[in-house]
Amino acid sequence: MSSVPPGGLILVTGANGYIASVAIQVFLQRGYCVRGTVRSVASNAWMKAYFGPKFELVELPDIHTPGAFDGALKGVDGVAHIAMNMDMNPQNQAIIEQTIKSNLQLLEAAAKELSVKSVVITSSLAACALPTTGKPYKINSTTWNTEAIDQTIKPWNSEGNPRWHGIILYGASKARGEQEAFAWVHEYKPAFSFNTVVPNVNFGIAVSPENMSYRSTSAVLDAVVKGYPATPSIVPPQWYVDVEDTALLHLAALTLDGVNQERLLAFAGKYSWTQLLDILHRRYPQKILLQSVEESVVDAGEVDNERSIELLKRMGKEEGFTSLEDTLVKAVDTIIENQSKNVPKTRIDLFYESLASKPADDS
């Protein structure tokens with residue numbers, strides 16, 4: 001099975017997302033050329049100058065339309081399909097079929113483009129399980145979120161927590177999306193290698209905050225620096241991964257011989273918010289405004305990440321996954337370096353501003 005050659009052209013979908021933008025930077029640093037897709041080139045024109053001459057940007061308004069990927073795939077050696085639907089609307093049952101459809105359309109289009117040697121799709125912890133903090137669980141490359149799949153066979157009846165049902169729908173979409181992609185590869189046996197990367201909570205650097213703000217979990221650490229009290233509840237204690245390690249596992253899936261039809265688990269280690277704050281207050285005295293957190297339970301899971309450690313070492317990272325402290329330092333260094341810039345407000349900023357603007361209850 002062939003793989004992307006040195007200096008080859010890699011297509012990255014959803015180029016303006018958190019993981020995708022970091023992946024682009026890592027791929028370019030490793031000497032590859034990158035073509036990124038976005039819904040609107042005009043809205044993301046800054047990316048061309050930012051990433052330089054080995055990067056090109058193409059418009060892909062809707063990844064679910066028939067033939068959506070055909071033009072973007074012309075002449076590429078590898079594909080990192082990182083674009084994902086993060087809509088966790090409990091009424092959006094269609095997210096499952098949409099995720100399956102976009103994955104299969106990509107694979108079918110890649111199979112027709114003879115230059116494509118390798119494809120990797122980004123999945124999520126939610127494809128494996130939706131663990132409850134403090135409850136023991138085990139995850140390996142064969143673990144699927146069957147509970148979410150079973151619970152979403154029928155439309156939601158509006159009972160229970162709507163936010164949780166939206167998360168369950170997302171988990172079912174990622175699990176079914178992966179399963180159907182592997183089934184397609186097993187049936188049609190394309191010439192390219194195929195793998196998925198399954199990350200958990202990504203911390204670390206953020207690309208160009210003045211243009212992108214802080215997205216996804218990078219916004220959570222920004223909120224910790226600013227002292228927003230409820231921030232830890234957004235991503236309760238679980239497993240972290242340095243976002244650059246997630247990117248490097250995508251590149252391993254695309255470029256290393258002998259990596260085919262695998263699920264690569266991007267889980268570095270457990271974290272708790274007490275642990276995170278201890279590190280941050282020690283490394284950045286007087287700069288982290290969130291002082292403490294009430295935390296009664298921590299993650300009790302086990303994850304078999306040995307294959308990913310092996311591949312990171314093959315990619316030149318002798319230590320395997322980046323340590324939690326080094327990951328946090330990279331994240332907060334990015335935040336501090338950009339404090340003097342006009343960084344757009346995150347959703348967390350807007351939420352806390354809305355609370356502050358509400359009139360006091362005089363009753």
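The values are calculated or read from the model by the stated rules, or taken from the named source; none is laboratory data. Fair warning: this is a prediction, and the values are worked out from it, not measured in the lab. We place every Cβ from the backbone using ideal geometry, glycine too, and count neighbours over all the protein chains shown.
Filtered by the rule that a residue be more than 29 Å from LYS313 (Cα to Cα) and charged (D, E, K, R), the range 217-253 gives ASP222, LYS226. None of ALA191, ALA230, ALA206, ALA266 is surrounded by 24 or more Cβ atoms within 10 Å (Cβ to Cβ) and either farther than 24 Å from GLU353 by Cβ or over 17 Å from the mean Cα position of the chain (by Cα) (or both) except ALA266. Taking helices (runs of 4 or more DSSP H) as the structural unit, those lying wholly within the range 117-236 and holding at least 1 residues that are touching a strand residue (DSSP E or B) at 6+ places or on another chain (Cβ under 8 Å) correspond to 162-188, 217-226. Taking the condition at pLDDT below 95, in a helix (DSSP H, G or I), farther than 25 Å from TYR18 by Cα and out of contact with any helix residue (DSSP H, G or I) (no Cβ under 6 Å at 6 or more places or on another chain), does GLU97 pass? In short, no.
Just checking, which of GLY52, GLY31, GLY7 is over 26 Å from SER124 (Cβ atoms), in contact with a Pro (Cβ under 7 Å, 6 or more places away or on another chain), of a type in the set (Gly, Ala, Ser) and surrounded by fewer than 21 Cβ atoms within 10 Å (Cβ to Cβ)?
GLY31
Among the residues of the range 273-332, the ones that are of a type in the set (Lys, Arg), closer than 20 Å to ALA252 by Cα and assigned to a loop (DSSP other than H, G, I, E, B) come to 1 in all. The set of residues in the range 124-135 that are in contact with a Lys or Arg (Cβ under 7 Å, 6 or more places away or on another chain) and crowded, with 23+ Cβ neighbours inside 10 Å contains only ALA127. Consider the range 333-347 and keep the residues that are closer than 18 Å to TYR18 by Cβ, assigned to a helix (DSSP H, G or I) and modelled with pLDDT of 95 or more. The one that is farthest from the chain's Cα centre (by Cα) is GLU337. Looking across the range 304-324 at every residue that is under 16 Å from ASN140 (Cα atoms) and touching a Ser or Thr at 6+ places or on another chain (Cβ under 9 Å), the one that is surrounded by the fewest Cβ atoms within 10 Å (Cβ to Cβ) is identified as ASP304.
Under the condition of being among the hydroxyl-bearing types (Ser, Thr, Tyr) and closer than 12 Å to SER2 by Cα, which residue from the range 103-123 is surrounded by the fewest Cβ atoms within 10 Å (Cβ to Cβ)? Working first, answer last.
Taking the range 103-123 as the starting set, the residues that turn out to be among the hydroxyl-bearing types (Ser, Thr, Tyr) are 115, 118, 122-123.
Among the residues that remain, those that are also closer than 12 Å to SER2 by Cα are: 115, 118.
Details: SER115: 14, SER118: 26.
Across the range 103-123, the extreme among qualifying residues is SER115.
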